[in-house]
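Below: one structure, written as structure tokens.
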Amino acid sequence: MTSPPGNSTEIDSSRADFTPVTDKALAALPLERGAASSVALEGITKSYGPVTAIRDLTLEARAGEFLVLLGPSGCGKTTALRLVAGLEDPTSGTVRIGGRVVNDVDAKDRDVAMVFQSYALYPHLSVGRNIEFPLRARQVPASQRRQLVATVAESLRLEQLLDRKPAQLSGGQRQRVALARAIVRRPRAFLMDEPLSNLDAQLRVQMRAELVELHTRVDITILYVTHDQVEAMTMGQRIAILNEGVLQQLDTPEAVYRRPANAFVAGFVGSPPMNILRGRAVAEDDALWVAVPGGRVGLSPPLVRAVEDRALREVVVGLRPEALSLDPNGTIAAAVSLVELVGHEQHVALRLPGGQLVWIRMGSEAPRMRTGQDVRIAATGTVHLFDPQTGNLIEVGNE
Amino acid sequence: MGARHRARGAHARQRPQSRPLRKAGAAYLFVLPALVAFGVFVFYPLVKTAYLGFFTSPPAPNLPSHYVGLTQYRAVLSSSDFLDSLWRTVQFVLYTVPAGIVLGIGLAMLANQRLAGIRIFRTIYSSTVATSAAVAAVIFFTLLNPQVGLLSYWLGRKGGSGVLQSSSLALPAVSVVTIWQNIGFTFILMSAALQSVPDDLLEAARVDGASSWLRFRSVTIPLLSPMIFFTTIVGVIGGFQSFGQIDILTQGGPNNHTLLLIYDLYQQAFKYDNTGYAAVLSVALFGILLLLTFMQFWFFQRRVFYAR
Amino acid sequence: MRAEHRNARPHEERHVKGTFALRRPVRRIARYALLVGMAVVVAFPIYITVVNALLPSAQIGARPPTLFPTHPQWGSFRAAFSEAHLGIYLRNSAIVTIGITAAQLITSVLAAYAFVFLRFPARRVIFMVCIATLMVPLEATILPNYRTIEMLGWYNTFPALIVPFVGSGIGIFLFRQAFLGLPRDLRDAATLDGYGHLRFLTRVVLPLNRPVTAAFGIYAFLTAWNQYLWPLLVTQTNSVRTVQIGLRQLSISNFNQLDVVFAGTVLGALPIFVLLFVFQRQLVRGLTAGALKG
């Protein structure tokens, strides 16, 4: 990570022209090297009466890391964030910040900042006052407060807005004020709860870039909660995927995509999602195949070995949309159900004889298909093999 | 490693109790002042009053009270004294509430016109909201005085017996004073309600050819009806609690003709030391007001519901 | 304006003239007559009180009555203020009313805050208990309360006038209702920003709820100022009597000095007139909300 030597009001001229997004004054942000702390949950369980929101969760964001918590709504990711912040208390387990156990530390003393989905700006205070608010609580002297606010405001292009009230700001501006209020405190970690979900699509892409930019230029730990797998894949250094309060996988975006720990992760990450097909292992034509509705899928040697070792009859295979292609000699018969043109590529949904939909990804130059048209497809890419009972990944085989 | 892990687990298990407990402690601290006040000055005396109703007061001070159970409740509540003062209170409410509301609506309609200087009239009509029962009573006490009172003079009763000394006119007179004192309050409420009647509804009715009376009857009144209901209940409750004007104007006289329930209660308790009797009256008053408050609360909640 | 209208639409002119043009001025005069008439009826008692306060005592009962003071005498106000003790009564009322209002604001805001922002066992039950006090009228509790005050040795003291009213069910209800409208994220954000409950309450919650605070403040003030029965029971000397009870004393004991009685009445009512003139807007909200308990 390239962090500028912080705590200086001089402008680092070598980076001044680097980006129009988060501008030159970032170098002057009051974030010292080494301020970032690791954040860890160890064996955390959180129950509300009979409902268990989080079950035995262990994960750690390393100091300076951008870690994304990803999962569908209600999976416990926001609860995990609130547990770190101290807004909730775990039923059991340990929360650590910078290696120190903080279970018994009040939220205000944990020294973490949170950016809320609603931004939670104080409506009666001006932008400047909002940014200053946490400093007042910590009795920072007025002159220092003014300087910090000015520096942070400049770095986030808010200096023209300091006297406005939140109601007079656009969504993107509010978002930046919320960010400024978090940054000005020099916290050990930033907790972000779906901070971009209230923005329109275009702004979201821009803010995504700004956040990543911010993170690469200053030394901060970010714990970022989202249900949007695109955000997770594009922003996170590592992704923790949760489902029903249980951690499914914690790894880099590439690893999560290439080796999803189980069928849930495989189906959640990637758009269109991975096609999960259930079938029987059959030996035909001197090879081992998986018989699926509409045809069969071939298995590469490592997968054959895995199936034979476990003596599997039932088999679950996963194929990314790019691992399937149209082929007149393909092994699977299907009918075109839906064609989505997404700029540079098209996503085609095909219906298998049993009724299941599978997605394939094709270049936009490929001829457009008619709905209802009968086609044949072939597995031309990576095949993932999952345990039919647990859904866990057994092996990934290349064609 | 294993031992360390276990130790940490134990640690984690005992900790979460302490923070929530501390938080709950803060919460109780926040509600405590109000709760103590309610306990000492609302709930305890309420129960105690009901309890006092089980004892008859001794004929002379310092003699023991007698426990008589529900007998006293039965006796007092069926006594003609009680029924008379209850009936007078009902009369008082019937004199004051409907007239007050009609006047309030009338003034609100008058002051809701777009005319030059209408603000002055609004201010005048709402002015009596600043007068307490005592202020109103003292003003009228003098104005109705048979020797020097201007109203007595104009009513042609100068020198003779005063209005407040007349057994047939005393209660109506007290009612008029009460209506006057409440008119500002009713006017303000009705004006607020009237201003929330959307203009386009009235205009639509006008375009439809409805006469002004029909517009008033079929658009304005229905839209005012929640506020009318509200004001009625508040007025009835206020009527049962009217004390100051009685105390200053008539002290329940002449000949008990303005002896309302609440004034009877006050005299029994603090003039005649008839604690048991007064306690029963208190409970009766509580029961009546409870019923009215329930009606009002039910209405208020519904209104809050719809407003949100 | 009207002329323009006619020029622009000659066709409508006839119609307008035929139905309205002649009747409008008549109607307008009739409306003003009604407005003025009602204004006289409503304002006359107040007007004559002020006039009488400015007349020499002997002239008040004279007939035909004097309806306008040509030689106003202001001495009656001085007499009412000092000799008839209105000054002390007003001071006492101010102490009692401000005490009650402040106490009700504090206890209600604190309790409502706990009901909205804190989680604790029996929260709902305790809230219901607070709301239940709305159903208990003062009149149903005066007997034991009087004894409690005597037992505490508070008879004829300010605590007797203030302490029984430091809690307000309607206040708790109104503030809770208002606080429920605040986003919960604000509380969480303030927690992380380092603000405890009390500072969050004073720096964020209250500034965001000025209207309801003003409305309830006015209602509480008005209710406390107008109290009659309870102050009558627990006061005995002028040193603690409130204005309402003072006016009663005034009308009983100063009847031979009618100008002083009227001047005292004016003085006794004046603070609320001024208050309501300044806070007209909040008054309407306060009355509609507060009317919950008549």
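Brief remarks follow.
- Scanning the range C:255-265 finds no residues that are of a type in the set (Val, Ile, Thr), assigned by TED's automatic domain parsing to the domain that holds C:SER82 and surrounded by fewer than 22 Cβ atoms within 10 Å (Cβ to Cβ).
- Failed criterion for B:ASN255 (all others in (1) among the polar types (S, T, N, Q); (2) modelled with pLDDT under 90; (3) in contact with a helix residue (DSSP H, G or I) (Cβ under 7 Å, 6 or more places away or on another chain); (4) closer than 30 Å to C:LEU250 by Cβ hold): (3)
- So B:ILE183, is it surrounded by 15 or more Cβ atoms within 10 Å (Cβ to Cβ) and at the interface with chain C (Cβ under 10 Å from one of its Cβ atoms): yes
- Check on C:VAL109, more than 12 Å from chain B (Cβ to nearest Cβ), buried (at least 22 other Cβ atoms within 10 Å of the Cβ) and not polar (S, T, N, Q): no
- Complete set of residues in the range B:1-51 that are at pLDDT below 90 and within 9 Å of chain C (Cβ to nearest Cβ): B:PRO20, B:LYS23, B:ALA24, B:GLY25, B:ALA26, B:ALA27
- You will find that of A:VAL316, A:VAL348, A:VAL297, the residue that is in contact with a Phe, Trp or Tyr (Cβ under 6 Å, 6 or more places away or on another chain), part of a strand (DSSP E or B) and of a type outside the set (Gly, Ala, Ser) is A:VAL316 and no other.
- Any hit, the range C:20-34, residues being assigned to a loop (DSSP other than H, G, I, E, B), hydrophobic (A, V, I, L, M, F, W, C) and not assigned by TED's automatic domain parsing to the domain that holds C:ARG248: yes
- Being in contact (Cβ under 8 Å) with a residue 24 or more places away in the chain and either touching a Cys at 6+ places or on another chain (Cβ under 8 Å) or within 25 Å of A:TYR257 (Cα to Cα) (or both) is a property that A:VAL375 lacks.
Rundown of residues vs (1) surrounded by fewer than 17 Cβ atoms within 10 Å (Cβ to Cβ); (2) over 16 Å from A:MET369 (Cα atoms); (3) not β-branched (Val, Ile, Thr), yes/no style:
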{"residue": "A:LEU299", "(1), (2), (3)": "no, yes, yes"}
{"residue": "A:GLU314", "(1), (2), (3)": "yes, yes, yes"}
{"residue": "A:PRO321", "(1), (2), (3)": "no, yes, yes"}
{"residue": "A:PRO328", "(1), (2), (3)": "yes, no, yes"}
{"residue": "A:VAL339", "(1), (2), (3)": "yes, no, no"}
{"residue": "A:GLU345", "(1), (2), (3)": "yes, no, yes"}
{"residue": "A:ALA349", "(1), (2), (3)": "no, no, yes"}
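- Of all residues in the range A:345-399, those satisfying the criterion of being closer than 14 Å to A:GLU322 by Cα and not hydrophobic (A, V, I, L, M, F, W, C) are A:GLU345, A:GLN346, A:HIS347, A:ARG361, A:GLY363, A:SER364, A:THR380, A:GLY381, A:THR382, A:HIS384, A:ASN398, A:GLU399.
- Criterion applied to C:GLY153, C:GLY99, C:GLY75 was being of a type outside the set (A, V, I, L, M) and on the phi > 0 side of the Ramachandran plot, and the one residue passing it is C:GLY153.
- Residue within the range C:242-259 that is more than 9 Å from chain B (Cβ to nearest Cβ), in contact with a Phe, Trp or Tyr (Cβ under 6 Å, 6 or more places away or on another chain), in a helix (DSSP H, G or I) and not polar (S, T, N, Q) present: no
- Of the criteria (1) surrounded by fewer than 22 Cβ atoms within 10 Å (Cβ to Cβ); (2) more than 14 Å from every other protein chain (Cβ to nearest Cβ); (3) more than 30 Å from A:ARG217 (Cα to Cα), which one A:THR91 fails: (2)
- The set of residues in the range A:104-132 that are at the interface with chain C (Cβ under 10 Å from one of its Cβ atoms) and in contact with a Gly (Cβ under 9 Å, 6 or more places away or on another chain) comprises A:ASP106, A:ALA107, A:LYS108, A:ASP109, A:ARG110, A:ASP111, A:VAL112, A:TYR119.
- Inside the range C:200-225, residues that are facing another protein chain (nearest Cβ under 7 Å) and surrounded by fewer than 22 Cβ atoms within 10 Å (Cβ to Cβ) make up a count of 2.
- Check on B:ALA136, part of a helix (DSSP H, G or I) and over 15 Å from C:ILE46 (Cβ atoms): no
- Which listed residue is more than 24 Å from C:GLY268 (Cβ to Cβ) and either surrounded by fewer than 18 Cβ atoms within 10 Å (Cβ to Cβ) or at the interface with another protein chain (Cβ under 9 Å from one of its Cβ atoms) (or both), from B:LEU150, B:LEU107: B:LEU107
- Of all residues in the range C:60-106 being within 30 Å of C:LEU180 (Cβ to Cβ), among the aliphatic types (A, V, I, L, M) and touching a Phe, Trp or Tyr at 6+ places or on another chain (Cβ under 9 Å), the one that is farthest from the other protein chains (Cβ to nearest Cβ): C:ILE98
- Selection from the range C:150-183 of residues that are small (Gly, Ala, Ser) and either more than 9 Å from chain B (Cβ to nearest Cβ) or not in a helix (DSSP H, G or I) (or both): C:GLY153, C:ALA160, C:GLY167, C:SER168, C:ALA178, C:GLY181
- From the list B:THR220, B:THR231, the lone residue that is of a type in the set (Val, Ile, Thr) and modelled with pLDDT of 85 or more is B:THR231.
- Taken over the range A:203-250, the residue count meeting the criterion of being of a type in the set (Asp, Glu), in contact with a strand residue (DSSP E or B) (Cβ under 9 Å, 6 or more places away or on another chain) and surrounded by fewer than 18 Cβ atoms within 10 Å (Cβ to Cβ) is 2.
The values are calculated or read from the model by the stated rules, or taken from the named source; none is laboratory data. Computed from a predicted model, the values in this text were never measured in an experiment. Quick reminder, even Gly has a Cβ in these numbers, built from the backbone with ideal geometry, and neighbours come from all protein chains shown.
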